[in-house]
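Engineer: Mind looking over this structure? Questions follow.
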Amino acid sequence: MAARLSINPEDSPVAYALAETKGNTITIQAQFRRLDPRLRAVEIRAVDPIVPSGNSGCLGWLWRLIFAILRLLFGNVLGEVKARRVVFPASGLTSLETFQLRRVRLWRAGVGVRATTWRWQYRRRKHPWTDFATSEHRIYSVLETPKAPWQQTPHAASNTQLPWSDVLDYACRWAVLTKNRDDAAARVTREVYNLGPGTVVYDCPGGGSTRYALGQFNCTAFLERLRGGIGNGVYVNCTDCATFVSTFANILGCDLWQSRMGWGFDLNSILAIGSSTWQTACGWGGFSYHEVAWKGACNANEEVYDACLLVDGDADPTAAPHTPLLPVNLRFGNPGDGVYRDRLATPAGRPACAPQPTTRQRRTMN
Amino acid sequence: MATEMLDELKRRYAYEAWQGTNRLPENLFIQGLFLTGDELPGWRAHRIQDVLAAGWPRMIQSIWVPTQSASDALCDLVVFECGSRAEAHGVLVRVLGEFQSPRVRARSEASIGDVAFGAQGDGAIAFARANLVVLARDAGRAKAPIAEIAEAFDGDVVRKPTLEGVTVVPEIRRFELPAGEIHVGGRVVLEVEAADPLGRPLWHKFFSSPGQVRQEDDRLVYETESAGPQEITVYAINGNRGAASQQAQLTAVQGVK
């Protein structure tokens, strides 16, 4: 059999859509080369090398609990590779052989980015199993097939809208363990808002102008910023935040848009991303427009996710004291409904703070 | 962009009052602009990207860091290359539509652009010059002198290149206008062929009077609204600022061709 092999998980990434794979047997393909020409056929399997301690008593129970939690967060969710017989051709190199997986835990674990390590073993008839390789894989679990702007086809390097593993790294971590679109989008929204003030802050000096999503989403620059680099700088506005949220949530299978409201309306006090002061957006008094991640038709009846600001969540959003509320899965509403629109805009500003669904879009990435 | 929003932006920024403004003594058209990273004195480019986004003209996005100090200052410079001055002024309105602040105002000083707008506090300036729209913004935790940067970049755009001091300069192989006369209101196709001896890319500046050069589909045209002698000077410029120039004349007459 081939010499022992071990590669880093990030060199071998794979993503599974939970909804589309549920109820199906997951298979993988692997190729083998024999080093001993006398080997004609062998049985091959792969097992999880990390097994919980067999200790009994309280300590053993506690260890098994910790192990289960750690595995759910970071560990093997693909289970094991079921044994099957593989026949070597004269060349000694097999084709890609299909194996079924067993004890798969993907669907119980929800969204995540985890590592699976397999210890590959073979045996000749009646012989004991012999280890011959170890492989490591980064496993992304997303809720559903990624939605636009992400595309699954064509499978070509020129298609920059194929899901990016760099985006999956963040999105899957941000929404870890979630099992539905609303929860995943809410977690992504919260994580984007929490990027302030360390990574980004609201663009007061530049008049709240679009920095990362002007025309296209400069996702490369945003990832650079997330990793502590320069990116497109420290400032963001609502369009940027709406684009971050919808793009990162949609790679998990959410179905959000970037859409605007307006034009020209007065604001209640808000807490802009990266700011610690309740005020009417840099003291301007209002917004000429505002943009959020929005569900469905992006109208008054649909819910919004706004990572750009906190609104006042108490009974009177027009006055202090303020109860910080991150708008996640909050219906936009009509004036007087007491939902997003009323919390964002003053009573006089609410009529002008109207959904503008013709602006609905999903910016492509570069 | 939604028509309703565009109308609102035109009203808010008094588009009718400044559309078509040219503050230069002649007309200028830029074609194929690229940045090399040394355009802003005291700054070097951290990243320069050519971006083709649906619904927008060609865009150059760039981030700049100070060459000397280790401060946290950053400058974000975005340049849109439009097909004409008129198109640039429409794009400027759309760029202003990317500001959430209702306090973006026209800048009165004549030193930046044909028309310029700025955010309160000088953290961002958007201006149109010839067929370009430029957005210069503070992007770091330490303050960058955005007005100074915008003025320097604009000065570079409008300056006629010096034809001395650079050893490797492009060669203009052909710069032709159709023979004869042009009728007022009509247009002629410009044929320009230039090459760099080292095969490097070139960009062009066209200074013209009294008519304007603009892009029409994949070709350059010259059009004029007034009769009399017409003059067009083209500069072909390489990445080292080596430049070559050539001039062409024709006469415009009244009447319909």
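Engineer: May I ask for the distance between the Cα centers of the range A:227-250 and the range B:82-105, given as a whole number of Å?
Structural biologist: The distance from the Cα centre of the range A:227-250 to that of the range B:82-105 comes to 22 Å.
Engineer: Charges at C-beta only: +1 for Lys and Arg, -1 for Asp and Glu. How large is the resulting dipole of the protein assembly as shown about its Cα centre, in Debye rounded to 20?
Structural biologist: Magnitude of the dipole: close to 3760 debye.
Engineer: If you don't mind, there's one more thing I want to ask. May I ask for the angle, rounded to the nearest 10°, between helix A:181-193 and the longest principal axis of chain A, with both axes built from Cα atoms and the value confined to 0 to 90°?
Structural biologist: 70
Engineer: Using the crude model of +1 on Lys and Arg Cβ and -1 on Asp and Glu Cβ, and no other charge, please compute the dipole size for the range A:174-271 relative to its Cα centre, in debye to 20.
Structural biologist: 180
Engineer: In the protein assembly as shown, if the dipole is taken from +1 on Lys/Arg beta carbons and -1 on Asp/Glu beta carbons about the Cα centre, which of B:167, A:351, B:128 is farthest to the positive end?
Structural biologist: Of the candidates, A:351 comes out farthest on the positive side.
Engineer: Under a GNM of chain A (C-alpha, springs under 10 Å), which listed residue has the highest mean-square fluctuation: A:168, A:330, A:93?
Structural biologist: A:93
Engineer: Another question, if that's okay. Out of A:81, A:42, A:192, any idea which swings most in a Gaussian network model of chain A, alpha carbons joined below 10 Å?
Structural biologist: Largest GNM mean-square fluctuation: A:42.
Engineer: Now a separate question. With +1 on each Lys and Arg Cβ and -1 on each Asp and Glu Cβ, how big is the dipole of chain B about its Cα centre, in debye rounded to the nearest 20?
Structural biologist: Numbers: 27 positive and 34 negative charges, 81 e Å.
It comes to approximately 380 debye.
Engineer: Using helices alone, I'd like the mean residue ellipticity at 222 nm for chain A: each DSSP H run of four-plus residues gives -39500 (n - 2.57), total over residue count, nearest 500.
Structural biologist: Only helices count here, giving -6000 deg cm²/dmol.
Engineer: Another one. How long is the gain from residue A:95 to residue A:59 if the chain were fully straight, where each residue apart is worth 0.36 nm and the alpha carbon distance is subtracted?
Structural biologist: Result for the pair: 8.3 nm of gain on full extension.
Engineer: Name the residues of the range A:174-204 whose amide N is less than 13 Å from a point 7 angstrom out from the Cα of residue A:279 along the C-beta direction?
Structural biologist: Residues passing the 13 Å test: A:202-204.
Engineer: Does the protein assembly as shown come out rounded, prolate or oblate, given a ≥ b ≥ c as the square roots of the eigenvalues of its C-alpha gyration tensor, rounded meaning a/c under 1.5 and, failing that, prolate meaning a/b above b/c?
Structural biologist: Here the protein assembly as shown falls in the oblate category.
Engineer: Also: Might you list the cysteines of chain A that have no disulfide-compatible partner by the rule of another cysteine's Cβ under 4.7 Å?
Structural biologist: A:58, A:172, A:219, A:254, A:298, A:353
Engineer: Looking at A:264, A:311, A:251, which one has the Cα that reaches farthest to the positive end of the dipole of the range A:234-335 (charges on Cβ: Lys, Arg +1; Asp, Glu -1)?
Structural biologist: Toward the positive end, the furthest listed residue is A:251.
Engineer: With chain A treated as a Gaussian network of Cα nodes joined by springs under 10 Å, which of A:209, A:259, A:95 yields the largest mean-square fluctuation?
Structural biologist: A:95
Engineer: Of the options B:202, B:189, B:158, report the single residue whose Cα projects farthest towards the positive end of the charge dipole of the range B:108-257 (beta-carbon charges: Lys, Arg +1; Asp, Glu -1).
Structural biologist: Going by the charge dipole, the pick is B:202.
Engineer: Quick check: from the Cα gyration tensor, does the range A:278-355 come out rounded (a/c under 1.5), prolate or oblate?
Structural biologist: rounded
Engineer: For the range A:169-213, what does the alpha-carbon gyration tensor say about shape, rounded, prolate or oblate, given a ≥ b ≥ c as the root eigenvalues, a/c under 1.5 as rounded, and a/b over b/c as prolate?
Structural biologist: In terms of gyration-tensor shape, prolate.
Readers should treat all values here as calculations from the given coordinates under stated rules, not as data from a laboratory. This structure is a prediction, so every number in the text was calculated from the model and none was measured. Neighbour counts run over all protein chains shown; Cβ positions are idealised from the backbone, glycine included.
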